[in-house]
Amino acid sequence: MLSSIVIIVISVALLCYWFRYTCLLMLSSGSERNYLPEVAAANALNLPLVEKSLSESGPSSLRTLDQMLERDYRLLTYLLEHCPTYTTGADRFGQLMLQADFHLMRFGGRLVRPFSAACSLAATREMAQVVAHFAESCGRNLALARRA
């Protein structure tokens, strides 16, 4: 009985570690071309303003920044679901993982905001990275659609 519990706890811990590592790896990978300015301008995204505010402001405006990121997130996930895609199943699985990461960071950031401004700020930064990744994916899909 005790050995089963230990195995389950270790397995869950390794699954969480794998999930976090994979999400951070996807977010750190860059593309050959930066589509973010074009996508942000075409869709009136708040992401450039949020990124600027994150580097300048303190944690007092995190609630507003989170709301702006949530609006951009909803718009970009809608575009990714309804635009012509040139992705594989692995790319779609990666998008689903990043969507889960966005929601976990949103929940975690809200949970720790009263206790730790630094942790809440880190969660908001990671949410911004996820939104930027989705904007890059939209731009890449559009560029591929134009070539086809």
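Labels on offer are (i) 63, 33, 30; (ii) 59, 40, 24; (iii) 75, 29, 19, and the one holding Cα extents along the principal axes in Å computed from this structure is (ii).
Pulled fully out, how much extra length does the chain show between residue 24 and residue 145, if you take 0.36 nm times their separation in residues and subtract their Cα-Cα distance? Intermediate values should be presented prior to the final figure.
On the way: separation 121, 0.36 × 121 = 43.56 nm, distance 2.78 nm.
Extra length from residue 24 to residue 145 when fully extended: 40.8 nm.
Taking every C-alpha pair closer than 8 Å and separated by at least 6 residues, the mean separation divided by the residue count of the chain gives a relative contact order of 36 percent. For the listed peptides 13-26, 123-136, a ranking on the average number of other beta carbons within 10 Å per residue, highest first, reads 123-136, 13-26. Extending 7 Å from the Cα toward the beta-carbon at both residue 9 and residue 99 defines two label points whose distance is 3.4 nm.
Restricting the calculation to Cα atoms, every distinct pair contributes to the Kirkwood radius of the stretch 12-70, found to be 13.9 Å.
Descending by average beta-carbon neighbour count within 10 Å, the peptides 33-40, 68-75 line up as 68-75, 33-40, the highest first.
Ordering 55, 97, 78 by the projection of their Cα atoms onto the charge dipole of the chain, which places +1 on the Cβ of Lys and Arg and -1 on the Cβ of Asp and Glu, puts 78 at the extreme positive end.
In percent, rounded to a whole number, the relative contact order of the stretch 93-148 is 31, using alpha-carbon pairs under 8 Å and six or more apart.
Taken together, the values in this text are just the output of simple stated rules run on the coordinates, not laboratory data. Just so you know, these numbers come straight off a predicted model, no measurement behind them. Glycine also receives a Cβ, built like all others from the backbone with ideal geometry; neighbour counts cover every protein chain displayed.
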